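J.: Right, I'll just put the structure down here and ask away after.
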Amino acid sequence: MVKTTFLNLDEEKRQRILAAALEEFSAQPYESASLNRIVAQAGIPKGSLYQYFEDKKDLYFFLIDEAAEAKLAFLRRCDLPEGSDFFEGFAALMLSGAEFDLNYPQYSRLLGQAFNSPLAEEITERLKGKSFDYLHDLLFTARQQGRIRSDLPLDLIVFTLNALTTEFGKYAAQKAGLKWDGRIFDPQQRERLRSLDLKGMIDNLMRLLKEGMAAK
């Protein structure tokens with residue numbers, strides 16, 4: 001857990017340390033990330049870092065929490081269409097999530113590769129109280145309103161929709177002619193992603209969810 005000595009630092013120094021850590025952990029897999037590079041970039045002695053965090057994992061989890069909170073706050077600002085059903089609302093949230101990934105590529109990269117790290121299981125449990133609960137609440141409300149089926153386990157629906165949103169980035173990259181390897185795309189590549197009809201792609205996904213794949 002982060003130590004009070006870190007929270008008591010002046011804002012400039014605290015942000016400098018976090019920026020250096022985010023740059024390292026978003027550019028490298030967890031196991032390859034170097035505390036030596038972080039402290040060098042932040043301009044602090046390595047011993048100071050242990051006055052702020054217990055260890056590398058503690059710092060990494062702090063960043064994961066920061067990134068998840070930032071994304072959740074971004075999604076909650078989504079202007080859902082008035083009177084929209086669940087599928088319209090979920091489509092708007094997916095589009096907002098894509099915008100977050102394009103605007104905050106380091107956070108996006110950090111969260112994306114976290115689930116392929118040796119700590120993936122712990123991270124999944126850690127974030128369940130954030131994205132999983134938020135989506136669970138949306139689905140619960142939709143079910144109460146009779147807008148989605150009530151004969152399927154809610155946790156299965158949450159799992160499926162979370163997997164869908166996670167994989168959508170790979171699909172979008174493929175459609176833009178980019179190789180997806182979880183890296184941060186440069187500005188020109190992000191513009192190629194922005195040029196896609198993301199709303200149309202998401203609307204098609206919603207049709208798939210709402211109407212199914214079976215021929216009519």
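J.: For GLN51, all conditions in the list (1) in contact with a Leu (Cβ under 6 Å, 6 or more places away or on another chain); (2) farther than 29 Å from TYR134 by Cα hold save one; what is the number of the exception?
T.: (1)
J.: To continue, here is another question. Determine which single condition ASN103 fails, assuming it passes every other condition in (1) buried (at least 16 other Cβ atoms within 10 Å of the Cβ); (2) under 17 Å from PHE74 (Cβ atoms).
T.: Answer for ASN103: the failing condition is (1).
J.: Could you go through the stretch 146-154 and let me know if any residue there is closer than 23 Å to LEU72 by Cβ, in the same structural domain as LEU205 (by TED's automatic domain parsing) and under 23 Å from the mean Cα position of the chain (by Cα).
T.: yes
J.: Just name the residue that is farthest from THR141 (Cα to Cα) out of those in the stretch 168-187 that are surrounded by fewer than 15 Cβ atoms within 10 Å (Cβ to Cβ) and modelled with pLDDT of 85 or more.
T.: Out of the qualifying residues, it is GLY177.
J.: Moving on to the next point. Is it fair to say LEU152 is more than 16 Å from GLU99 (Cα to Cα) and not in a loop (DSSP other than H, G, I, E, B)?
T.: no
J.: Would you be able to say whether some residue in the stretch 107-115 is surrounded by 16 or more Cβ atoms within 10 Å (Cβ to Cβ), closer than 27 Å to ASP186 by Cα, outside the structural domain of PRO187 (by TED's automatic domain parsing) and of a type in the set (Lys, Arg)?
T.: Taking every residue of the stretch 107-115 in turn, none turns out to be surrounded by 16 or more Cβ atoms within 10 Å (Cβ to Cβ), closer than 27 Å to ASP186 by Cα, outside the structural domain of PRO187 (by TED's automatic domain parsing) and of a type in the set (Lys, Arg).
J.: For the stretch 1-63, give me every one of the helices (runs of 4 or more DSSP H) that falls completely inside it and has 2 or more residues that are of a type in the set (Gly, Ala, Ser).
T.: 11-27, 35-42, 46-52
J.: Please pick out the residue among LEU119, LEU205 that is touching a Lys or Arg at 6+ places or on another chain (Cβ under 8 Å) and at pLDDT 90 or above.
T.: After ruling out the rest, the residue left standing is LEU119.
J.: I'd like to verify a number: residues in the stretch 60-113 that are modelled with pLDDT of 85 or more and of a type in the set (D, E, K, R), how many?
T.: Total meeting the criteria: 8.
The values are calculated or read from the model by the stated rules, or taken from the named source; none is laboratory data. Only a predicted model underlies this, so the values are computations on that prediction, with no experimental measurement involved. Cβ: placed from backbone, ideal geometry, glycine included. Neighbour counts: every protein chain shown.
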